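Take a look at the structure set out below.
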Amino acid sequence: MTQFKGLLAGAGLEAEDILFVNEDRTGGRARIMVDAIRAHRAAEARKAEAFENEQVESTYGYPQGWQLKCLSAQVGILVGRFPGLDVSHVDELAARYYVDETAGGYRVAPNKGKKLVMPKGMDGLVVIPKPSAIARLVAERSLRQNVVVPDMPAENLALWELLGVMSAARSNFNDYAERDVGPKRYRLTEKTRKAYAAFDDLPGDVMVLAVQTGFLHRGKSVRRARFVFGEREFGLCAFAVGIILLTHHARLTHVDHLWIDCAGSEFAPESDVDFACCPIWNFRGDELGFDWRRVSDCDPGCGSASGASSECSA
């Protein structure tokens, strides 16, 4: 029954529509329902076939024993790197992924009797500063220190700031973009922009997201990964992935660790000419690197990072 309801939902129908079909003696409603389901199935088939040749087998993965840190540990690192960040609502935001199994509903806080329910394929929860919050902190510092910062949108300024922080945090960091990440070279995908916008009216300076850092889509080109994302799944941008690497140093410290494609953002190697590339965090020559590659390239050593909203926040 659940599978049938899912099929109806995908076709834009509801189970109640069956009642109308039963009452329709001409068969017109039945034909409409059948046509809608067929169209949905055809669309799903096209999605499965989209760029299917841009996927290879992969045996690359995460560092042995690696896992995401608890939220409080992540918060501790973030407030040390970004003083003034309001992280007072982290538990409240994390509660969106907790379910009260006895009541069957979502509650205000993840306390006793509630179970953390991760969307399929996700590694766990991470704390990501809102780009607007980082932009605000940069602007405040600029006024205090009387220094000039680039005039660019919040998502660009946040990445620009993070690249500077990463250079200070990791001595073996190589920024191949040289912090040239203005709007003519870097931008978010529409689906990721909408996912982040859901946090705009929520309190605090951070987002709490269920994420995976590449394993779910390893061996796929970025555009193949984008096509097979789940309904509530979206690509993580270069800023979000960089924050995860800032709070989880061990995730990428060897050439054999799965490199991370930032499927939630686009990159133009030449200013405002061609956004057919994607930012990537990699590790080669004993260096953590921020670079880019074509969205059509597939490599067994790379995987697209993604996030997923909870059912109650979708």
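The values are calculated or read from the model by the stated rules, or taken from the named source; none is laboratory data. Just so it is clear, the model here is predicted, and its values are computed rather than measured. Positions of Cβ are backbone-derived with ideal geometry, glycine not excepted, and every protein chain shown enters the neighbour counts. Note: areas computed on protein heavy atoms with side chains; ligands, DNA, RNA excluded. Shrake-Rupley method; radii C 1.70, N 1.55, O 1.52, S 1.80 Å.
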Options Leu236, Leu202, Leu288; residue that is crowded, with 24+ Cβ neighbours inside 10 Å and within 23 Å of Leu78 (Cβ to Cβ): Leu236
Qualifying residues in region 88-106 (those that are surrounded by 14 or more Cβ atoms within 10 Å (Cβ to Cβ) and part of a loop (DSSP other than H, G, I, E, B)) - the one modelled with the lowest pLDDT: Tyr106
Residue identified as farther than 21 Å from Arg294 by Cα and either within 11 Å of the chain's Cα centre (by Cα) or of a type in the set (Phe, Trp, Tyr) (or both) among Ala210, Ala250, Ala240: Ala210
Subset of region 277-308 (residues that are assigned to a loop (DSSP other than H, G, I, E, B) and touching a helix residue (DSSP H, G or I) at 6+ places or on another chain (Cβ under 9 Å)): Val295, Ser296, Asp297, Cys298, Ala305
Total residues in region 37-78, condition surrounded by fewer than 15 Cβ atoms within 10 Å (Cβ to Cβ), at pLDDT 95 or above and either part of a loop (DSSP other than H, G, I, E, B) or among the β-branched types (Val, Ile, Thr) (or both): 7
Filtered residues of region 250-284 (kept if acidic (Asp, Glu), in contact with a Gly (Cβ under 9 Å, 6 or more places away or on another chain) and crowded, with 17+ Cβ neighbours inside 10 Å): Asp261
Residue among Asp256, Asp205, Asp299, Asp291 that is modelled with pLDDT of 95 or more, within 24 Å of Ala94 (Cβ to Cβ) and acidic (Asp, Glu): Asp205
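Conditions (1) open to solvent by less than 40 Å² (accessible area, probe 1.4 Å); (2) closer than 28 Å to Arg218 by Cα; (3) hydrophobic (A, V, I, L, M, F, W, C), marked per residue:
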position: Lys130; (1), (2), (3): yes, yes, no
position: Ile134; (1), (2), (3): yes, no, yes
position: Leu137; (1), (2), (3): yes, no, yes
position: Gln145; (1), (2), (3): no, no, no
position: Val149; (1), (2), (3): yes, no, yes
position: Ala158; (1), (2), (3): yes, yes, yes
position: Met166; (1), (2), (3): yes, yes, yes
position: Asp175; (1), (2), (3): yes, yes, no
position: Glu178; (1), (2), (3): no, yes, no
Residues satisfying the stated conditions in region 180-197, i.e. within 15 Å of Gly235 (Cα to Cα) and either of a type in the set (Lys, Arg) or open to solvent by 10 Å² or more (accessible area, probe 1.4 Å) (or both): Arg187, Leu188, Thr189, Glu190, Lys191, Arg193, Lys194, Ala195, Tyr196, Ala197
Pairs with Cβ under 6 Å, 6+ apart, first in region 153-166 and in a helix (DSSP H, G or I), second surrounded by fewer than 20 Cβ atoms within 10 Å (Cβ to Cβ) and among the basic types (Lys, Arg): Trp160/Arg179; Leu163/Arg179; Val165/Arg81
